[in-house]
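The values are calculated or read from the model by the stated rules, or taken from the named source; none is laboratory data. Being a predicted model, the structure only gives us computed values, none of them experimental. Cβ coordinates were reconstructed from backbone atoms using ideal geometry, including for glycine residues, and neighbour counts include every protein chain displayed. Heads up: the accessible areas ignore ligands, DNA and RNA and are worked out on the full protein's heavy atoms, side chains in. Shrake-Rupley method; radii C 1.70, N 1.55, O 1.52, S 1.80 Å.
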Amino acid sequence: MFAWLNNRKIVKRRAAELYDCIVLQGRSPAFYSKIGVADTLEGRFEMIVLHMFLVLNRLAKDQPETDELRRVLSEIFVTDMDDCMRELGVGDTSVPKKVKKAAIALRERYSALQVALSEGPAELADVLKPLSGREGEQDLSDEAAGRLAAYIIASEQKLAGQDLAKASGQASFGDPSEL
């Protein structure tokens, strides 16, 4: 009778574990030292969004079974953005607007990356150039964007062999230190 409640707890736990993997991978020093993504709040945000894309894109391939997991994972992302804004001292009246901007950024980047990934490495690299995380500064170099595109393709291939919905909430990405 209460199986749905138990299932919901399992989905929440898996989503939280997946989000932890996403954040941990997004903080890998190689993105900042080898690729040139700025080690700033914006740069780290971009790397988290990039890894959210990879996981959400993988989960989308197992729809409709993964719909709830995708939804809960997205909710965790939004909640984390809210918590981070508050920890940074953003005023209470500004937080909802900034969190909404973060959620819109995730949706926009997801769409752009999905299209670019289907078109090939060169198109993917073009979409990645502005993700330097340096507001008002130059984009990633062609070489850096190409290496990041290769990382995304390798990560997508690695994730393709994983059942993220049934696994213990773990995701294994490519190795950014090989960039």
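Evaluate the stretch 127-139: report whether one residue or more is modelled with pLDDT of 90 or more, under 16 Å from the mean Cα position of the chain (by Cα) and surrounded by 15 or more Cβ atoms within 10 Å (Cβ to Cβ). Show your work before the answer.
Of all residues in the stretch 127-139, those modelled with pLDDT of 90 or more come to 127-128.
Add one more test, that the residue is under 16 Å from the mean Cα position of the chain (by Cα), and what stays is 127-128.
After this cut, where a residue has to be surrounded by 15 or more Cβ atoms within 10 Å (Cβ to Cβ) as well, the list is 127-128.
Among the residues of the stretch 127-139, at least one is modelled with pLDDT of 90 or more, under 16 Å from the mean Cα position of the chain (by Cα) and surrounded by 15 or more Cβ atoms within 10 Å (Cβ to Cβ), which makes the answer yes.
Only one residue in Arg86, Arg58, Arg107 is at pLDDT 90 or above and either open to solvent by 70 Å² or more (accessible area, probe 1.4 Å) or β-branched (Val, Ile, Thr) (or both). Which one?
Arg107
Scan the stretch 61-70 for residues that are at pLDDT below 90 and buried (at least 19 other Cβ atoms within 10 Å of the Cβ) and jot them down.
Once the filter is applied, which keeps residues that are at pLDDT below 90 and buried (at least 19 other Cβ atoms within 10 Å of the Cβ), the stretch 61-70 yields only Thr66.
How many of the residues making up the stretch 23-35 are within 25 Å of Asp142 (Cα to Cα) and either hydrophobic (A, V, I, L, M, F, W, C) or crowded, with 21+ Cβ neighbours inside 10 Å (or both)?
Residues in the stretch 23-35 being within 25 Å of Asp142 (Cα to Cα) and either hydrophobic (A, V, I, L, M, F, W, C) or crowded, with 21+ Cβ neighbours inside 10 Å (or both): 5 in total.
Are there helices (runs of 4 or more DSSP H) fully within the stretch 1-91 with at least 1 residues that are within 20 Å of Ile153 (Cβ to Cβ), of a type in the set (Phe, Trp, Tyr) and touching a residue at least 40 places away in the same chain (Cβ under 8 Å)? List them.
Passing ranges, in order: 41-60.
From the residues in the stretch 36-55 that are of a type in the set (A, V, I, L, M) and open to solvent by 10 Å² or more (accessible area, probe 1.4 Å), which one is nearest to Ala125 (Cα to Cα)?
By that ranking, first place goes to Ile48.
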